[in-house]
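Novice: Could you have a look at this structure, given as structure tokens, before my questions?
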Protein chains: 2
Amino acid sequence: MFESARLPQKMDKKTFKKLEPELREALLEAQLPVVEKKDFSTLILVDGLDGAGKGEAVARLYGWMDARHLVCNAYGEKLDEAKLRPPLWRYWRDLPAKGETAIVFGSWYQGILRDKIYNKIDDDAFEKALMRIRRFEEMLSNEGVLILKFWFVLPKDVQEERLKKIQKKNAARHVLADWAALKHHKQASQVGEKIILETSKGFAPWFVIPSQDPEYRDAALAQTVARAMKLRLEDGEVREVAAPPVIGGLQRETAVDAIDLSASLDKAPYEKKREKYQKILSDLSDRKDMSKTGVILVFQGNDAAGKGGAIRRVIRPLDPRIYKVHPISAPTDEEKARPYLWRFWRRVPRKGHFAIFDRSWYERVLVERVEGFASHGDWLRAYNEINEFEQELTDFGFIVCKFWLAISEEEQLRRFKAREETAYKQHKITDEDWRNRLKWDQYAIAAGDMIDRTSTHYAPWTLVSSENKRHARIEVLKTICDRLEEVV
Amino acid sequence: MFESARLPQKMDKKTFKKLEPELREALLEAQLPVVEKKDFSTLILVDGLDGAGKGEAVARLYGWMDARHLVCNAYGEKLDEAKLRPPLWRYWRDLPAKGETAIVFGSWYQGILRDKIYNKIDDDAFEKALMRIRRFEEMLSNEGVLILKFWFVLPKDVQEERLKKIQKKNAARHVLADWAALKHHKQASQVGEKIILETSKGFAPWFVIPSQDPEYRDAALAQTVARAMKLRLEDGEVREVAAPPVIGGLQRETAVDAIDLSASLDKAPYEKKREKYQKILSDLSDRKDMSKTGVILVFQGNDAAGKGGAIRRVIRPLDPRIYKVHPISAPTDEEKARPYLWRFWRRVPRKGHFAIFDRSWYERVLVERVEGFASHGDWLRAYNEINEFEQELTDFGFIVCKFWLAISEEEQLRRFKAREETAYKQHKITDEDWRNRLKWDQYAIAAGDMIDRTSTHYAPWTLVSSENKRHARIEVLKTICDRLEEVV
């Protein structure tokens, strides 16, 4: 889920030197009115993997903010007083007064992280604990506390390198949180992702900070803190909307940008593979256990990426009685009169069948977001609603495959022009398509956010380069076959 | 938790005949503008114990509302189409369009109720399932659906009688929901209470309908539906606040009204019992296992009920080093600058100790509610926040005893006068006390709601008649001894 956060986000020292005074000013401009108005207090939770340099990041923040109204509370092993009282007691004890800010180093997520990583609690107990944390944070927020939660990430190899350096230095430093140690990197990341997914709400959002590059890391932290405090001061209150994790807030590469568009396939090998996979798909769909599952395929992507063509190659080997293709465009009156997912729930296939969506519920966070058809609050909460919806489906035993078909801006232009010039394809190009091209960058950000926030382990996104249509069609067929083979 | 709902709520036929046309008018006045504006759709969930007459109540509602814009969807055993799709599919399929109302007979709570009553799922899985329901309802609400949930209750003996009558009639009727059957009465009530506690939120509140008396039942249902639709239409949107179960909305007796104030104790037996229980308490507090627990005592009640005197008799046998008495009044500046529970978290005792609160966090839902010091939203969400707070304490192994000391209005007047006339007690009576007397009824409702909404199995309320102070003091001592004995 942290796809974007794993991409190298760098900031050269020159840019940083120029940015630094601006960050400092933004932080103070945000903090000082808050100190004066005493409208709310602020908690900055610092969590995530060790070796990310959380200590340094906080130290830098301290230097940039007004330290008279800032305190850093570190919670390691419980001291005697705390051992004799319920777990939350020491956090309650140290809550700052309105106007003040406290950095929480070692938050109430620690216990749960540790228990889950060491398998001391099962999934249900884990979710229950997260639910209580959510309610705790909701109450704090209702009582005038701004809660900003930061999860620092970095790739395993970088973490390894960093931790070696630290040990070599042999400097006196605080004991590494054992669970955040290198050997638990994978689990810590997975559990962390789950926590962020479950506990990122509008009133207490998580921000994932890529920490490979110290300058980028500290700038991202500072910019996010400044922005959040300023917004809270202006809004006057916190509007509760489900807000999935936001990535740092700085210009960033998204997973969509990182797709390798050079992948291609020549005609002869393509036809061979197509035959092969279409036969496999046909066989799989005939198996007895097909009746125990259902398949939901979602196709999204740039205009003219080739969604229709990919879908045609998928249905070719299937018995028409067991699939339906649903081209999704503007909602009907009946659909507008009901919750937006209703139009997709009515198209949920029965067991044994396929439902193929050419565009889907994801339009909510794509076109409706970019064009403003859905309000900010609406599309923000949609990510988690979509995740829940897909979980209902997969819990029931259905397979959900989501494909993002990507092409470059240049290739899109070429295809648009080709459509205009080809008589029988002219219906496929409209003024709207040309208008959408103008918003290419906005759509790219929306797609990147979508991938970040809705790629779950039970319903992951498959990013497919469709610059070469043949390559795309084989990727799609292969993916479907692989997923179906696991189940039937 | 349904204390109030178990009290006989009756309405004689004459009153009902007079009320009926008013109810009818209120319902139509609420429903018709909704049909016209098409602002939102309405779901009326009908759940609870069998034999309560849910069918008759709905039939009556049908007669009073405009049936052209009302539909009743019953969900019993899954039909084939539904078996082939995820559980929520059939509810989604039948969602009404904006402006319309659908009665859901056999809601998404059925499965969870059944599983929990038959012990097919453990506590954690149960809570997780409830959490997902909450998110489902939150999404529906965000998408413009007004969700009203009704839980019909009646005492076991009445249910028994009703079910016998139904069987005798031998009329063709729908199959009784097995889990709602008589033999599961206790579990169904307990699980129902838990569900209501966990899933009653401002956007999807539960209403508990006492169903011993059919006229009262139907009037409560109608009045609540009319009121809720009207408010939603006026508000224009649903404000999300945690709203614990509301009881029907009609003038009702509360558990506080039902306390038997005639209980009394003469001086000699009183002194004997006092010595006995004070000795037991002293011994218990000396036991080795006392270090594994902590005791939190909360004293609330009418002014002049005798909280102070009861507390003095409790601390008499205890070592002063192991207890603290916290008299709670107006918050300090520091306390006002933090979430309201902070002032109590700082007074949480360490293991092995007692913390005794003369007034407590319950002032939020008593004086702050009646006098308007806390906003409607603030005290409404406080019930669940208090329950969560107390659960943090009991989860850690602490004992939480809550006492409501009750006296009659007349007795309060007598004691107020006595204080005025006694020199050394004059400080105990202020203008404020006299002013509060004017709001006796409002305080009674607030206290009743408080008992209903915060009497949990881990931290129940003990209602004590303090009309006779001696009786009250013994009840208090005895309760504390009993609770402590279970643990040390």
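Novice: What are the residues in region A:1-52 that are closer than 24 Å to A:Arg232 by Cβ, at pLDDT below 90 and of a type in the set (S, T, N, Q), if any?
Specialist: none
Novice: If I filter region B:346-362 down to residues being facing chain A (nearest Cβ under 9 Å) and in contact (Cβ under 8 Å) with a residue 12 or more places away in the chain, which single residue comes out as nearest to A:Glu81 (Cα to Cα)?
Specialist: We begin by selecting, within region B:346-362, every residue facing chain A (nearest Cβ under 9 Å); these are B:346, B:348-353.
If we keep only those that are in contact (Cβ under 8 Å) with a residue 12 or more places away in the chain too, we end up with B:348-353.
On the way: B:Val348: 11, B:Pro349: 10, B:Arg350: 7, B:Lys351: 9, B:Gly352: 12, B:His353: 13 Å.
Filtering first and then ranking leaves B:Arg350.
Novice: Another one. How many residues does region A:128-160 contain that are touching a residue at least 40 places away in the same chain (Cβ under 8 Å) and either outside any helix (DSSP H, G or I) or within 21 Å of A:Phe105 (Cα to Cα) (or both)?
Specialist: Counting residues in region A:128-160 that are touching a residue at least 40 places away in the same chain (Cβ under 8 Å) and either outside any helix (DSSP H, G or I) or within 21 Å of A:Phe105 (Cα to Cα) (or both) gives 21.
Novice: Does at least one position in region A:70-78 carry a residue that is open to solvent by 10 Å² or more (accessible area, probe 1.4 Å) and assigned to a helix (DSSP H, G or I)?
Specialist: We begin by selecting, within region A:70-78, every residue open to solvent by 10 Å² or more (accessible area, probe 1.4 Å); these are A:70-78.
Still in the list and also assigned to a helix (DSSP H, G or I): none.
Within region A:70-78 (the criterion being open to solvent by 10 Å² or more (accessible area, probe 1.4 Å) and assigned to a helix (DSSP H, G or I)), the answer is no, since none of the residues qualifies.
Novice: Among the numbered conditions (1) polar (S, T, N, Q); (2) modelled with pLDDT of 90 or more; (3) surrounded by 17 or more Cβ atoms within 10 Å (Cβ to Cβ), tell me where B:Gln223 comes up short.
Specialist: Here B:Gln223 clears every test but (2).
Novice: Wholly within region B:263-345, which helices (runs of 4 or more DSSP H) include no fewer than the required count, namely at least 1 residues that are of a type in the set (Asp, Glu) and in contact with an Asp or Glu (Cβ under 9 Å, 6 or more places away or on another chain)? Lay out the reasoning, then the answer.
Specialist: Details: elements: B:267-286, B:307-315, B:333-336, B:342-345.
Once the helices (runs of 4 or more DSSP H) in region B:263-345 are filtered for at least 1 residues that are of a type in the set (Asp, Glu) and in contact with an Asp or Glu (Cβ under 9 Å, 6 or more places away or on another chain), what remains is B:267-286.
Novice: Would you point out the residue of region A:118-127, among those that are of a type outside the set (A, V, I, L, M, F, W, C) and in a helix (DSSP H, G or I), that is farthest from A:Leu49 (Cα to Cα)?
Specialist: Initially, region A:118-127 is screened for residues of a type outside the set (A, V, I, L, M, F, W, C), giving A:118-120, A:122-124, A:127.
Pick out the ones that are also in a helix (DSSP H, G or I) and you get A:123-124, A:127.
Working: A:Asp123: 22, A:Asp124: 24, A:Glu127: 21 Å.
Looking at the filtered set, the residue picked out is A:Asp124.
Novice: Oh, and also: Take B:Pro96 and tell me if it is farther than 30 Å from B:Lys164 by Cα, assigned to a loop (DSSP other than H, G, I, E, B) and out of contact with any Lys or Arg (no Cβ under 9 Å at 6 or more places or on another chain). Break it down into steps so the answer makes sense when it comes.
Specialist: Details: farther than 30 Å from B:Lys164 by Cα: yes; assigned to a loop (DSSP other than H, G, I, E, B): yes; out of contact with any Lys or Arg (no Cβ under 9 Å at 6 or more places or on another chain): no.
Against the criterion (farther than 30 Å from B:Lys164 by Cα, assigned to a loop (DSSP other than H, G, I, E, B) and out of contact with any Lys or Arg (no Cβ under 9 Å at 6 or more places or on another chain)), B:Pro96 does not qualify.
To keep it simple, each residue is scored yes or no on (1) modelled with pLDDT of 95 or more; (2) closer than 29 Å to A:Lys201 by Cα; (3) of a type outside the set (S, T, N, Q).
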| position | (1), (2), (3) |
| --- | --- |
| A:Ala305 | yes, no, yes |
| A:Leu366 | yes, yes, yes |
| A:Glu371 | no, yes, yes |
| A:Ser375 | no, yes, no |
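Novice: Next question. Do any helices (runs of 4 or more DSSP H) entirely within region A:380-488 hold 3 or more residues that are of a type in the set (Val, Ile, Thr) and more than 14 Å from chain B (Cβ to nearest Cβ), and if so, which?
Specialist: A:440-454, A:469-487
Novice: Evaluate region A:36-49: report whether one residue or more is assigned to a loop (DSSP other than H, G, I, E, B), open to solvent by 30 Å² or more (accessible area, probe 1.4 Å), in contact with a Leu (Cβ under 9 Å, 6 or more places away or on another chain) and within 11 Å of chain B (Cβ to nearest Cβ). Before you say what the answer is, go through the steps one by one.
Specialist: As a first pass, look at region A:36-49 and keep what is assigned to a loop (DSSP other than H, G, I, E, B): A:38-40, A:49.
If we keep only those that are open to solvent by 30 Å² or more (accessible area, probe 1.4 Å) too, we end up with A:38-39.
Retained after the next criterion (residues that are in contact with a Leu (Cβ under 9 Å, 6 or more places away or on another chain)): A:39.
Now narrow it down to the ones that are within 11 Å of chain B (Cβ to nearest Cβ): A:39.
So far as region A:36-49 goes, yes, one or more of its residues are assigned to a loop (DSSP other than H, G, I, E, B), open to solvent by 30 Å² or more (accessible area, probe 1.4 Å), in contact with a Leu (Cβ under 9 Å, 6 or more places away or on another chain) and within 11 Å of chain B (Cβ to nearest Cβ).
Novice: Which of (1) open to solvent by 20 Å² or more (accessible area, probe 1.4 Å); (2) within 8 Å of chain B (Cβ to nearest Cβ); (3) touching a residue at least 60 places away in the same chain (Cβ under 8 Å) is the odd one out, the single condition A:Arg313 does not satisfy?
Specialist: If we test A:Arg313 against (1) open to solvent by 20 Å² or more (accessible area, probe 1.4 Å); (2) within 8 Å of chain B (Cβ to nearest Cβ); (3) touching a residue at least 60 places away in the same chain (Cβ under 8 Å), just (2) comes out false.
Novice: While we're here: For region A:79-110, which residues satisfy the criterion of being in contact (Cβ under 8 Å) with a residue 12 or more places away in the chain and either more than 28 Å from the chain's Cα centre (by Cα) or surrounded by fewer than 16 Cβ atoms within 10 Å (Cβ to Cβ) (or both)? Walk me through how you get there before you give the answer.
Specialist: The first filter runs over region A:79-110 and keeps only residues in contact (Cβ under 8 Å) with a residue 12 or more places away in the chain, leaving A:87-88, A:90-91, A:94-110.
Passing the criteria: A:Pro87, A:Leu88, A:Arg90, A:Tyr91, A:Asp94, A:Leu95, A:Pro96, A:Ala97, A:Lys98, A:Gly99, A:Glu100.
Novice: Consider region A:195-231. How many of its residues are in a loop (DSSP other than H, G, I, E, B) and in contact with a strand residue (DSSP E or B) (Cβ under 8 Å, 6 or more places away or on another chain)? Give the derivation first.
Specialist: Going through region A:195-231, the residues in a loop (DSSP other than H, G, I, E, B) turn out to be A:200, A:202-203, A:205, A:211-213.
Among the residues that remain, those that are also in contact with a strand residue (DSSP E or B) (Cβ under 8 Å, 6 or more places away or on another chain) are: A:200, A:203, A:205, A:211.
Residues flagged as in a loop (DSSP other than H, G, I, E, B) and in contact with a strand residue (DSSP E or B) (Cβ under 8 Å, 6 or more places away or on another chain) within region A:195-231 amount to 4.
Novice: Also: Being more than 20 Å from B:Lys478 (Cα to Cα), away from every other protein chain (no Cβ under 12 Å) and open to solvent by 30 Å² or more (accessible area, probe 1.4 Å) is the filter here; which residues of region B:325-345 pass it? Explain how you work it out, then say what you get.
Specialist: In the first step, residues of region B:325-345 are kept if they are more than 20 Å from B:Lys478 (Cα to Cα); the result is B:326-345.
Subsequent filtering for residues that are away from every other protein chain (no Cβ under 12 Å) retains B:326-331.
The answer is B:Pro327, B:Ser329, B:Ala330, B:Pro331.
Novice: Sort through A:Lys417, A:Lys425, A:Lys351 and tell me the only one that's assigned by TED's automatic domain parsing to the domain that holds A:Arg453 and in contact with a Leu (Cβ under 9 Å, 6 or more places away or on another chain). So that I can check it myself, show each step before the final result.
Specialist: Details: A:Lys417 fails: in contact with a Leu (Cβ under 9 Å, 6 or more places away or on another chain); A:Lys425 fails: in contact with a Leu (Cβ under 9 Å, 6 or more places away or on another chain).
One residue alone meets the criteria, A:Lys351.
Novice: Then there is this: I'd like the full set of residues that are open to solvent by less than 20 Å² (accessible area, probe 1.4 Å) and small (Gly, Ala, Ser), limited to region A:126-154.
Specialist: Of everything in region A:126-154, those that are open to solvent by less than 20 Å² (accessible area, probe 1.4 Å) and small (Gly, Ala, Ser) turn out to be A:Ser141, A:Gly144.
Novice: Taking into account only those residues within region B:351-372 that are charged (D, E, K, R) and in contact with a helix residue (DSSP H, G or I) (Cβ under 7 Å, 6 or more places away or on another chain), which is least open to solvent (accessible area, probe 1.4 Å)?
Specialist: So the first thing to find is which residues in region B:351-372 are charged (D, E, K, R), and the list is B:351, B:358-359, B:363-364, B:368-369, B:371.
From what is left, the residues that are in contact with a helix residue (DSSP H, G or I) (Cβ under 7 Å, 6 or more places away or on another chain) are B:351, B:358, B:364, B:368-369.
Details: B:Lys351: 44, B:Asp358: 39, B:Arg364: 21, B:Glu368: 44, B:Arg369: 53 Å².
Across region B:351-372, the extreme among qualifying residues is B:Arg364.
Novice: Check A:Phe373 against each of (1) part of a helix (DSSP H, G or I); (2) closer than 30 Å to B:Ser141 by Cα; (3) not basic (Lys, Arg) and name the one condition it does not meet.
Specialist: A:Phe373 satisfies all of (1) part of a helix (DSSP H, G or I); (2) closer than 30 Å to B:Ser141 by Cα; (3) not basic (Lys, Arg) except (1).
Novice: Test B:Trp108 against the stated conditions and say whether it is over 19 Å from A:Asp123 (Cβ atoms), part of a loop (DSSP other than H, G, I, E, B), touching a Phe, Trp or Tyr at 6+ places or on another chain (Cβ under 9 Å) and within 13 Å of chain A (Cβ to nearest Cβ). Break it down stepwise before answering.
Specialist: Values: over 19 Å from A:Asp123 (Cβ atoms): yes; part of a loop (DSSP other than H, G, I, E, B): yes; touching a Phe, Trp or Tyr at 6+ places or on another chain (Cβ under 9 Å): yes; within 13 Å of chain A (Cβ to nearest Cβ): yes.
Considered against the rule, which asks whether it is over 19 Å from A:Asp123 (Cβ atoms), part of a loop (DSSP other than H, G, I, E, B), touching a Phe, Trp or Tyr at 6+ places or on another chain (Cβ under 9 Å) and within 13 Å of chain A (Cβ to nearest Cβ), B:Trp108 comes out as yes.
The values are calculated or read from the model by the stated rules, or taken from the named source; none is laboratory data. What you see is a predicted model, and the numbers here were worked out from it, not measured in a lab. Heads up, the Cβs are rebuilt from the backbone with ideal geometry, glycines too, and the neighbour counts pull from every protein chain shown. Just the protein is used for accessible areas: all its heavy atoms, side chains included, with ligands, DNA and RNA removed. Shrake-Rupley method; radii C 1.70, N 1.55, O 1.52, S 1.80 Å.
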